[in-house]
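As structure tokens, the structure follows; a few thoughts come after it.
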């Protein structure tokens, strides 16, 4: 097994006689036709002799019958605990809700479409049992993704590494977290979260377990190009203020460029070689106007993030149980 470890200051090994409870956090969205079979497959692959399992299936405001299918699974298997949002709040909120309701000594976060191989969970737990706080599933092979998806992923992780000084290449949300890590993650006050980056930033003693991304077990991805772009921008700005600093550098560059054009125009004026028309003026207006609008856009994005954080609105709302009509 090819496992990269960072086990300095690892926690003491757990006692062998007490069976720990392991929580499986599975966000799902519009996966009604496949969710019951997938949840059963996850539980079967993750089962072991020295621990017990609970599975939190977090329905992220699905528009189909996903919530009803999860409820049926919970009736058939008491290890399954359903959570449903009132609307779609996003995967990050689903992960947060699952971890907030997890009762286990450790939790494993994985996708509900089986692209994160659940058969690796016993290996993750074996590493956790040895004293590690985090076991990360790292993509060794990204599977059958398109050329554009691969280029987008490389561009995003390259920018993230440059802006936030965190190397997340190959990382995924497929992670095992010790209870201490879960509590620390839940204590973070920020509303907008980037799960894999926060865990990487915390630098707990960890191990990396490579895996190959499997084909989706039914259904299609719900991530469009625009959604991915918005997700990338939000996550980069969550972890880096460098774009704000680039505004100052952009101002210096445009100032220097404008100064060069101004000097050239004055020299031509004094030599009597000034060109007719407003080419220089128009060029300066375009350059300065573009720089100002770009700068205002970056500043506005950060102000919007501050506005969301200051409001303190909860990142998700759990759907209440259905009321019984009063007689």
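All of the numbers you see were taken from the coordinates with simple rules; none came from a lab. Computed from a predicted structure; not experimentally measured. When we count neighbours, we look across all protein chains shown, and the Cβ atoms used for this are built from the backbone with ideal geometry, even at glycine.
The alpha carbon centroids of segment 25-72 and segment 174-203 are separated by 22 Å. What FRET efficiency, computed as 1/(1 + (r/R0)^6) with R0 = 35 Å and r the Cβ-Cβ distance, is obtained for residue 203 and residue 18, rounded to the nearest 0.05? E between residue 203 and residue 18, to the nearest 0.05, is 0.75. Subtracting the Cα-Cα distance of residue 37 and residue 318 from their residue separation scaled by 0.36 nm leaves 98.8 nm. Extending 7 Å from Cα along the Cβ direction at residue 129 and again at residue 100 yields two label points whose distance is 3.3 nm.
Gain on full extension, evaluated as 0.36 nm per residue between residue 212 and residue 264 minus their Cα-Cα distance, stands at 12.8 nm. In segment 4-220, the alpha-carbon atoms span a convex hull of 123 Å³ per residue. Subtracting the Cα-Cα distance of residue 288 and residue 257 from 0.36 nm times their residue separation leaves 10.2 nm of extension gain. How big is D for segment 87-194, in µm² s⁻¹ as a whole number, if Stokes-Einstein is applied with the Kirkwood radius of its Cα pairs at 37 °C and 0.692 mPa s? So the translational diffusion coefficient is about 212 µm²/s.
The modelled label-to-label distance for the pair residue 151/residue 188, using points 7 Å beyond Cα in the direction of Cβ, is 3.1 nm.
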